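To start, the structure under review is shown below, and the notes come after it.
Bear in mind that the values in this text are calculations on the coordinates, not laboratory data. A quick note: this is a predicted structure, and the numbers were derived from the prediction, not measured. Positions of Cβ are backbone-derived with ideal geometry, glycine not excepted, and every protein chain shown enters the neighbour counts.
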Amino acid sequence: MENTPIQVPTVAEMISRGETPEILFWVGCAGSFDDRARKITKAIVRILHKCEVKFAVLGAEESCTGDPAKRAGNEFLFQMQAMQNIQVLNGYEVKRIVTGCPHCFNTLKNEYPELGGNYEVIHHTQLLQELIDSGKLRIEDSSAFKGKRITFHDPCYLGRANDVYEAPRSALQQLDAELVEMRKCKKNGLCCGAGGAQMFKEAEKGDKEVNVERTEQAMETKPNIIATGCPFCNTMMTDGIKHLEKESEVQVKDIAELIAEAQDLL
Amino acid sequence: MISQIIFAILLLATAVLFGLRLKTIRRNILLGKDIERKDRSADRWKNMARVALGQGKMVTRPVAGFFHILIYVGFVLINIEMFEIVVDGLFGGHRTFSNSMGGLYNILIGSFEFLGFGVLLSCIIFLIRRNVVRIRRFHLKEMGGWPKSDANIILIWESLLMFAFLSMNACDFRLQELTGEGSIGFPLSQYLGNTLYGGLDESALHMTERFMWWFHIVGVMGFAVYVTYSKHLHIFFAFPNTYYANLEPKGKLTNMEAVMKEVQMMMDPNVDPYATPAPADPEATPERFGAKDVTDLTWKQLLDSYTCTECGRCSSECPANQTGKLLSPRKIMMDTRDRLEEVGKSLDGNGKPVDDGKALLGDYILEEELWACTSCNACVEACPVDIDPLSIIVDMRRYLIMEESKSPESITVMFNNIENNGAPWAFSAMDRDKWKDEL
């Protein structure tokens, strides 16, 4: 455990000290405001700090990427957000971004370049893999997860949308746990129900909630932990577990939280 | 001689009907807006080779995939035999190539028999899957009436063609036995010949052989024309559709250019807001944001709609559909095609575009369907011929929001929050860093 609190500089602060960050951590709205997702943010920060990655955040200058607006059909609002963010990012000459959310990741990576925002964008599980591969992140004592069954729920915007399937899994493999796949996984994974701006509205009329269906699929693997890589999936799966009254048996955790826990950083 | 003339007329009629219909479909597809899909030709050929030619996405469902490949390979290869049938028909011969090709002819006929049997078997299994096993995706709401009959007609028609093809061979086998002339091997149809046609004498065999020959070839011609009016068009359109498929990451939505210009103007401090706008092109109709009707979609989306063979893999993978919501991505494609056909017919009738007071959105596709989508891309991933229902859903949401300001109330709240607070929830931008205090 750290004795002194970790200081996370904003890009502005770092630049005023005459330094530049190796990578910008794009926290995302959920990661900034949602109580549950803030824990994921803190886990990511602790890992970055431990691995001595020189990173910064935008702080109050970060604004919604526009993803939910775009997916709901509001292209004006999306592009206004994008142009604003691009002005800020280009102003600081940001080259590399890591996001805590697959939706921010997808939008920054795929939809910003045409609008003038060209950055190397990675998702936090990809950064974890990088840190593991380079030897900076080592899990010396993974006994915390010994004998546990972990199933990973692929976020649509990381998996199908961008074909990132291995990074989250190889990060999980660092834990001394049993990684079990759901019947529907990787490119056939079922959505948690939050994408396409569904997170911000009531579901349309149906006979079941999508998150309950997905949580049931996860439960088929008899997991101790459902691992996620997206704050929205995390909310949906957590709600699913509550709905099934399995809170005492199954935890829903982001991969970053699991890695941080294994490193005794939390 | 008369039979040759009849054959030639039928062949010509088929070609004309087939050609005219394809011309109409082409015109309908080109009613769509332009989209750049002619770049990266090497990647496009590769995608077509893998997905259409190689049936790369069919086998994700092994049972359907296996039998589909049997039908596909059978269909393509038996067409080689069609060449001889057409030559026979036009020049009045019988198995014209059997003498000149020698042993190779035997090998070809033998393999066609196995392929034909494979097709017949697969069609029967598919009929059972549809009508007896009643697999869910074949019985969703949109699959009543014509779509259901269309599927069964196709399977029964193909089965009859293969039965006629094998029977024709079976009769020739029996005739060979009776007359001692010819030495073509009929590895499979000989059994059919002995069981079904064993009791027939020479003249009855001749008649049956002729009947089966004509039934088969006229059936093939009719089928070729029928296909252009049915969901079965995928046998041709799978190829261009996979060639012109979206090769970008699936998560990437297009950035609307019309919006880009306006937003750039708004963000540019050097633009004079009171300047007279550049004179508009008097020829140009003001472009609509998003899609209300089929003519607002791109030609690729319209090609998608004709390519759809209603297999329903999209809908069976759709989280909204699985949980009982109104949305079915297959229905989005079927509606688009049906509306496009309607617009096309009105064009044929009036010679020019006429407003019929109807539109794809509202008369075919309901807002409730659009708002049930999670944009998860499961439908896009599932489609064996690279159809993209999601892009149509997004374009229609764009129309609803940007032209009609119609959205579920909570979505409007989300928009307002982003506009005012830079986040989809009502939190102050100044609180973004609060988590830092908890470290």
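Residues A:Cys191, B:Cys308, ranked from the fewest to the most other C-beta atoms within 10 Å, line up as B:Cys308, A:Cys191. Within the shell of other residues whose beta carbon sits under 11 angstrom from the beta carbon of A:Ala72, the net charge comes to +3, with Lys and Arg scored +1 and Asp and Glu -1. Under a Cβ-Cβ cut-off of 11 Å, what is the net charge of the residues other than B:Tyr399 that fall near it, where Lys and Arg count +1 and Asp and Glu count -1? Cβ neighbours under 11 Å give a net charge of -2. Inter-label distance, B:Ile9 to B:His139: 4.7 nm, where each label sits 7 Å from its Cα along the C-beta direction.
Rounded, prolate or oblate, given the Cα gyration tensor of the range A:93-160, with a/c below 1.5 counting as rounded? Taking the square roots of the gyration eigenvalues as a ≥ b ≥ c, the range A:93-160 is oblate.
Assuming R0 = 60 Å, what is the FRET efficiency of B:Asn420 and A:Glu166, from their Cβ-Cβ distance, to the nearest 0.05? Once rounded, the FRET efficiency stands at 0.90. Between A:Glu93, A:Glu216, A:Glu114, the residue with the greatest mean-square fluctuation in the GNM of chain A (Cα pairs under 10 Å linked by springs) is A:Glu114. Based on the alpha-carbon gyration tensor of the range A:206-246 and its eigenvalue square roots a ≥ b ≥ c, which shape applies: rounded if a/c is under 1.5, prolate if not and a/b is larger than b/c, or oblate? Since a/c reaches 1.5 but b/c is at least a/b, the shape of the range A:206-246 is classed as oblate. Once both labels are positioned 7 Å from their Cα atoms along Cα-to-Cβ, the gap between B:Phe66 and B:Asn194 label points is 2.8 nm.
Would you tell me the mean number of C-beta atoms belonging to other protein chains that fall within 10 Å of each C-beta in B:314-320, as a whole number? It would help to have the intermediate numbers written out before the result.
Working: counts 0, 0, 0, 5, 3, 14, 8.
Per residue, the number of nearby Cβ atoms from other chains is 4 on average.
Loop-located trypsin sites (Lys or Arg not before Pro) in the range A:8-47 (DSSP state not H, G, I, E or B) with no more than 16 neighbouring Cβ atoms inside 10 Å: A:Arg17.
Our coupling estimate for the range B:134-150, obtained by passing each phi through the Karplus curve with A = 6.51, B = -1.76, C = 1.60 and θ = phi - 60°, is 6, 4, 3, 5, 8, 10, 6, 3, 6, 9, x, x, 4, x, 5, 5, 3 Hz, Gly and Pro reported as x. Here the Gaussian network model covers chain B, with springs between Cα atoms less than 10 Å apart; of B:Ser203, B:Ser328, B:Ser159, B:Ser203 fluctuates the most. Taking amide H as placed 1.01 Å from N in the peptide plane, the amide H of B:Lys33 sits under 5 Å from that of B:Leu297, B:Thr298, B:Trp299, each at least 5 places away or on another chain.
Between amide H atoms placed 1.01 Å from N, distances below 5 Å from A:Phe152 occur with A:Val180, A:Met182, A:Ala227, all of them 5 or more places distant or on a separate chain. Counting neighbouring Cβ atoms within 10 Å and putting the fewest first, the residues A:Cys51, A:Cys230, B:Cys123 line up as A:Cys51, B:Cys123, A:Cys230.
Between amide H atoms placed 1.01 Å from N, distances below 5 Å from A:Trp26 occur with A:Val98, A:Thr99, A:Gly100, all of them 5 or more places distant or on a separate chain.
Considering only B:Pro389, B:Pro353, B:Pro424, the mean-square fluctuation computed in a Gaussian network model of chain B, springs between alpha carbons under 10 angstrom, is largest for B:Pro424.
Contact order, relative form, for the range A:139-262: 33 percent (alpha carbon pairs under 8 Å, 6 or more residues apart, mean separation divided by residue count).
Between B:Phe91 and B:Ser111, what's the calculated FRET efficiency when r is the beta-carbon distance and R0 is 30 Å? Round to 0.05.
Once rounded, the FRET efficiency stands at 0.75.
By a straight-distance test (C-alpha under 16 Å), which lysines pair with B:Lys434 as possible cross-link partners, with residues fewer than eight away in the same chain excluded? Leaving aside lysines fewer than 8 places away in the same chain, those within reach of B:Lys434 are A:Lys39, A:Lys42.
The phi-based Karplus calculation (6.51 cos²θ - 1.76 cosθ + 1.60; θ = phi - 60°) puts the 3J(HN,Hα) values of the range B:189-206 at 6, 4, 5, 4, x, 6, 7, 7, 10, x, x, 7, 8, 4, 5, 5, 5, 4 Hz, whole numbers, x for Gly and Pro.
The Cβ shell under 13 Å around B:Gln264 holds other residues with a net charge of -3, Lys and Arg each +1, Asp and Glu each -1.
Shown here for the range A:1-66: GluC sites (Glu not before Pro) in loop regions (DSSP other than H, G, I, E, B) with at most 10 other Cβ atoms within 10 Å, namely A:Glu2, A:Glu52. Applied to the range A:255-265, the Karplus parametrisation 6.51 cos²θ - 1.76 cosθ + 1.60 on θ = phi - 60° returns per-residue 3J(HN,Hα) values of 4, 4, 5, 5, 5, 4, 5, 5, 8, 6, 9 Hz, with x for Gly and Pro. Anisotropy class assigned to the protein assembly as shown is prolate, per the alpha carbon gyration tensor with a/c at or over the 1.5 cut-off and a/b larger than b/c.
Listed from fewest to most Cβ neighbours within 10 Å, the set B:Val380, B:Val119, B:Val132 follows the order B:Val132, B:Val380, B:Val119.
For chain B, the extents of the C-alpha atoms along the principal axes are 96, 58, 41 Å, listed from largest to smallest. Each helix, a run of at least 4 DSSP H residues, gives -39500 (n - 2.57); summed and divided by the residues of chain B, these come to -20000 deg cm²/dmol at 222 nm. Cβ distances below 4.7 Å define possible disulfide partners, and in chain B the cysteines left without one are B:Cys123, B:Cys171, B:Cys308, B:Cys311, B:Cys318, B:Cys373, B:Cys383. Dipole magnitude for the protein assembly as shown: computed about the Cα centre from +1 point charges on Lys and Arg Cβ and -1 point charges on Asp and Glu Cβ, it is near 1180 debye. About its Cα centre, the dipole of the range A:139-262 is roughly 340 debye, where the only charges are +1 on Lys and Arg Cβ and -1 on Asp and Glu Cβ.
Ranking B:Leu104, B:Val76, B:Pro353 by how far each Cα lies toward the positive end of the dipole of chain B (charges on Cβ) leaves B:Leu104 at the top.
Is there a pair in A:Lys95/A:Lys148; A:Lys109/A:Lys242; B:Lys148/B:Lys352; A:Lys95/B:Lys57; B:Lys23/B:Lys406; A:Lys187/B:Lys46 whose C-alpha atoms are over 27 Å apart, and which pairs would that be?
Check vs 27 Å cut-off fails for A:Lys95/A:Lys148; A:Lys109/A:Lys242; B:Lys148/B:Lys352; A:Lys95/B:Lys57; B:Lys23/B:Lys406.
The distance between label points at A:Lys242 and B:Leu77 comes to 5.9 nm (points 7 Å beyond Cα on the Cα→Cβ vector).
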